[in-house]
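The values are calculated or read from the model by the stated rules, or taken from the named source; none is laboratory data. The structure presented is a predicted model; accordingly, all values stated were derived computationally and were not measured. Cβ placement follows ideal geometry from the backbone for every residue including glycine, while neighbour counts extend to all protein chains displayed. Keep in mind that these areas ignore ligands, DNA and RNA; they rest on the heavy atoms of the full protein, side chains included. Shrake-Rupley method; radii C 1.70, N 1.55, O 1.52, S 1.80 Å.
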Amino acid sequence: MCDMPWGRRWLGVAGALVLACGLAGCAHSVSVRPEAVRSLEGNLAALAPTVSAAEAQRVAACAWEASQQLAEEYGAVRPPVFHNLLVNLRLKRRGLCYHWAEDLAARLRELELATLDLHWGIARAGRWREHNSVVVTARGQPFQEGLVLDSWRHSGELHWARVAADRYPWVEADWNP
């Protein structure tokens, strides 16, 4: 393998990883944990006193359920960067971070929210480590005070954090950048 050009060597390694993953059964199923849904619900309701408790509950349940369904639809494998490799090699159809964000946002929009707003968050735009996610704020609240809802980060197990406290340098972007 030492005589192979770098690109062919990399593809050989990638192929071996794909085969190993397929044999090891890396695809997984995520189950909804009621305590996590309740925790997210509480975090959403705490965004502002104007947030409807019922709406926070619907968003939390929908986000968890959608993340789980997307993991199954995408045949998500861990770690997510490996899944990205499979998508980029055209061995998987969807599952890049912006796919997760688009599909999660589409399901959340169906809720026709009255006290919460949805935003597109992007970190490191245009760079190889770019990351996209959905950000939820109280109606009219600044983007930086919102909660990031990130289905990609844990391959379908929903992660959330305050925009300002998350490890990604989030900025607001237009939908479907």
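Brief remarks on what is shown
- Any pair with Cβ under 7 angstrom, 6 or more apart, that starts in the stretch 27-47 at a residue that is assigned to a loop (DSSP other than H, G, I, E, B) and modelled with pLDDT under 90 and ends at one that is aromatic (Phe, Trp, Tyr) and surrounded by 13 or more Cβ atoms within 10 Å (Cβ to Cβ): VAL32/TRP64
- Applying the condition of being hydrophobic (A, V, I, L, M, F, W, C), over 24 Å from ASN88 (Cα atoms) and touching a residue at least 40 places away in the same chain (Cβ under 8 Å) to the stretch 122-169 and asking which residue is most open to solvent (accessible area, probe 1.4 Å) yields TRP160.
- Failed criterion for LYS92 (all others in (1) more than 17 Å from ALA36 (Cβ to Cβ); (2) open to solvent by less than 30 Å² (accessible area, probe 1.4 Å); (3) of a type outside the set (Asp, Glu) hold): (2)
- Listed here are the strands (runs of 3 or more DSSP E) enclosed by the stretch 67-177 that have at least 2 residues being within 11 Å of the chain's Cα centre (by Cα) and aliphatic (A, V, I, L, M): 131-138, 147-150.
- Checking each residue in the stretch 48-66 for being part of a helix (DSSP H, G or I) and hydrophobic (A, V, I, L, M, F, W, C) picks out ALA53, ALA54, ALA56, VAL59, ALA60, ALA61, CYS62, ALA63, TRP64, ALA66.
- Residue check, LEU47 open to solvent by less than 20 Å² (accessible area, probe 1.4 Å), under 24 Å from GLY146 (Cα atoms) and in contact with a Cys (Cβ under 8 Å, 6 or more places away or on another chain): no
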